[in-house]
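A quick write-up on the structure given underneath.
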Protein chains: 2
Amino acid sequence: MADINVVAGQFVNYYYETFDNSQPEERAKNLQVLYRPSSMLTFEGTQLLGVEAIGERLAQLPKVQHKIVTLDAQPSSGAVASVLVSVTGTLAIDGENPMNFSQIFHLLPEAQSYYVFNDIFRLNIS
Amino acid sequence: MADINVVAGQFVNYYYETFDNSQPEERAKNLQVLYRPSSMLTFEGTQLLGVEAIGERLAQLPKVQHKIVTLDAQPSSGAVASVLVSVTGTLAIDGENPMNFSQIFHLLPEAQSYYVFNDIFRLNIS
């Protein structure tokens with residue numbers, strides 16, 4: 001089994017670099033490859049299922065700069081090489097004041113790679 | 001399958017009410033029942049495995065008041081009735097200014113109930 005911290009680090013770097021460096025209309029195309037028809041995204045409480053719905057939501061978001069502050073990973077199963085990833089950090093919209101966020105990814109193995117089965121995003125601004 | 005939002009809500013209410021209303025020396029005993037030998041807790045980056053190690057860490061924490069701000073849940077598997085729970089909120093130590101936190105629980109079914117397989121806690125104070 002690959003080192004889950006390496007898997008988590010590579011995934012998170014790819015996700016946020018792609019998110020931040022793609023124009024919104026390109027972002028969905030570049031990130032949809034990480035999801036499958038059974039993938040779930042709960043974005044600020046709104047539940048979305050599948051590649052198309054998730055891509056549409058990602059395309060609607062403004063240009064954002066994420067900064068990862070903490071990254072934690074654990075194996076999520078004793079039987080499968082799946083990885084639970086927790087990220088906290090800040091994001092800035094159009095250069096405005098950064099807001100705290102937290103995001104979870106549950107990565108399931110597929111061939112020599114992983115896809116996102118669960119994705120939960122929340123601003124943490126209380 | 002039980003409604004995962006009900007499962008998540010009942011679990012989270014039990015966890016934080018027990019955490020906040022137990023004296024630290026009682027807290028470990030009251031919360032350890034939620035964990036198993038394979039359970040993992042990553043607490044502010046420190047990785048702990050199993051009931052004893054997790055209980056010891058919980059017992060060391062000061063008296064805290066949690067306030068749940070957001071609660072999200074998703075099924076974490078297409079095969080098993082497991083539940084991924086994401087919490088954001090604030091916690092106050094000894095009545096001081098509240099700090100944002102985020103916590104993830106991955107609940108696996110066992111008999112008619114659930115136990116915590118994954119638990120990741122982070123303050124979100126950047």
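Here, each number is a calculation from the coordinates, and none is a lab measurement. Note that the coordinates shown come from a computational prediction; the quantities given were computed from them, not determined experimentally. We place every Cβ from the backbone using ideal geometry, glycine too, and count neighbours over all the protein chains shown.
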**Study point:** Separation in nanometres of the label points that stand 7 Å from Cα toward Cβ, at B:E44 and B:N21
**Key:** 2.6
Review point. Counting pairs of alpha carbon atoms under 8 Å apart in space and at least six apart in sequence, what relative contact order in percent does chain A give?
Key: 23
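Using only atoms on other chains, find how many Cβ atoms lie within 10 Å of each Cβ of peptide B:51-58 and report the average. Intermediate values should be presented prior to the final figure.
On the way: counts 0, 0, 0, 0, 0, 0, 0, 0.
Mean partner-chain Cβ count within 10 Å for B:51-58: 0.
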Review point. For A:T18, which inter-copy label distances result when the label point lies 7 Å beyond Cα on the Cα-to-Cβ vector, reported in nm to one decimal and in ascending order?
Key: 3.9
Check your understanding: Using the Kirkwood formula over every pair of different C-alpha atoms, what hydrodynamic radius in Å results for chain B?
Key -> 14.8
Review point. For the rotation bringing B onto A, which B residue has its Cβ nearest the axis, and at how many Å?
Key: B:S102, 2
Check your understanding: Taking a quarter of the surface of the Cα convex hull of the protein assembly as shown, what do you get in nm²?
Key -> 13.2
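Across peptide B:72-85, what mean number of C-beta atoms from other chains lies inside 10 Å of a residue's C-beta? Mind showing how you got there, number by number?
Details: counts 11, 4, 11, 4, 9, 8, 3, 1, 2, 0, 2, 0, 9, 2.
Across B:72-85, the average partner-chain Cβ count within 10 Å equals 5.
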Point to revise | Reachable aspartates and glutamates from B:K67, criterion Cα separation under 13 angstrom, eight or more residues apart if same chain | key: B:E17, B:D20
Revision key, fill the gap. Toy charge model, Lys and Arg Cβ at +1, Asp and Glu Cβ at -1: the protein assembly as shown dipole around Cα centroid in debye, rounded to 20, equals 120
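What does the average come to when, for each residue of peptide B:102-109, you count the partner chain Cβ atoms lying within 10 Å of its Cβ? Kindly include the intermediate steps, with their values, before the conclusion.
Working: counts 11, 2, 9, 0, 7, 0, 3, 0.
What the average comes to for B:102-109 is 4.
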Review point. Quick one: if you stick a label point 7 Å off each Cα along the C-beta vector at A:K67 and A:N97, how many nm between them?
Key: 1.4
